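Visitor: One structure follows; several queries about it will come next.
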Amino acid sequence: STLRTDDVDIEADQTLRSSVAPAQPAGAVAADGAFAPGDGAQEKPAPGDVVSRIRQALATGDVDEALAMVKKNAAGHGKDASFLEAAGDTYLRAGLDAEAVEAYLAAAARSGGKDAEGALLDAARVSLERRKDLGGASDILALYWSRFPHGFFEQEASFLHARLLVKQKKHADARARLESLLAMAPEGYLSTQAHLLLGSILETYMSDCA
């Protein structure tokens, strides 16, 4: 939210401003980038507020507006994981696949747990499906397994990895990955897709898997 600096409101806002950051002269830039030249004493929007606006724009299909907000706030919120994840989604919707992968990886580096897992898998999925970058997807999945050998999204990662292995023509490894997935979660929500992919491997590449 913007802190107004006109004659009417500046005194009333002083208490709130002092709790956010030291008062700045009009047009000054704080050390953390919270103030923009010419904007006066303007509070930097909280990351959650920016992310909510980006998500809302994406939900309404206004990708251009979401992209404009990402670019406008990148300097101020470029180290916030939730902002980076929203930026990745925005870049993806805008067809900027390389930028999306970069944003997802940055989000994963600045977060942990399920958030980091999801960001890494998003990056791997875009690399594999959109960029056709098998080497990049392989590197990202290797990073995923090093950080989360038994993560919350282990099933999703295993299935994505199997798909990558098929594209790399490593059919025996893909088969082993799928069989391990099915042994781990025989009734899991990915089990049908895993069975179909495994059947395709056995039917088409049986000699490779013998």
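The values are calculated or read from the model by the stated rules, or taken from the named source; none is laboratory data. Note that the structure is predicted; figures quoted are calculated from it, not measured. For neighbour counting, all protein chains shown are included, and Cβ atoms are generated from backbone atoms with ideal geometry for every residue, glycine included. These accessible areas exclude ligands, DNA and RNA; they are computed on the full protein's heavy atoms, side chains included. Shrake-Rupley method; radii C 1.70, N 1.55, O 1.52, S 1.80 Å.
Visitor: Of the numbered conditions (1) free of Cβ contacts under 8 Å to residues at least 40 places away in the same chain; (2) more than 22 Å from Q155 (Cα to Cα); (3) open to solvent by 40 Å² or more (accessible area, probe 1.4 Å), A75 fails exactly one; give the number of that condition.
Guide: All conditions pass for A75, except number (1).
Visitor: Name, by its number, the condition in (1) of a type in the set (D, E); (2) crowded, with 21+ Cβ neighbours inside 10 Å; (3) more than 27 Å from A142 (Cβ to Cβ) that does not hold for D64.
Guide: (2)
Visitor: Considering each residue of region 144-166, count those that are surrounded by 15 or more Cβ atoms within 10 Å (Cβ to Cβ) and assigned to a helix (DSSP H, G or I), and give that number.
Guide: 15
Visitor: So in region 35-61, with the set limited to residues that are at pLDDT 95 or above and not in a helix (DSSP H, G or I), which one is most open to solvent (accessible area, probe 1.4 Å)?
Guide: Selected residue: T60.
Visitor: Could you please find all residues in region 93-133 being open to solvent by 50 Å² or more (accessible area, probe 1.4 Å) and assigned to a helix (DSSP H, G or I)?
Guide: Passing the criteria: R93, E99, E102, L105, A109, K114, D115, R125, E129, R130.
Visitor: Considering each of L190, L141 in turn, give the residue that is open to solvent by less than 40 Å² (accessible area, probe 1.4 Å) and closer than 20 Å to L105 by Cβ.
Guide: On inspection, the qualifying residue turns out to be L141.
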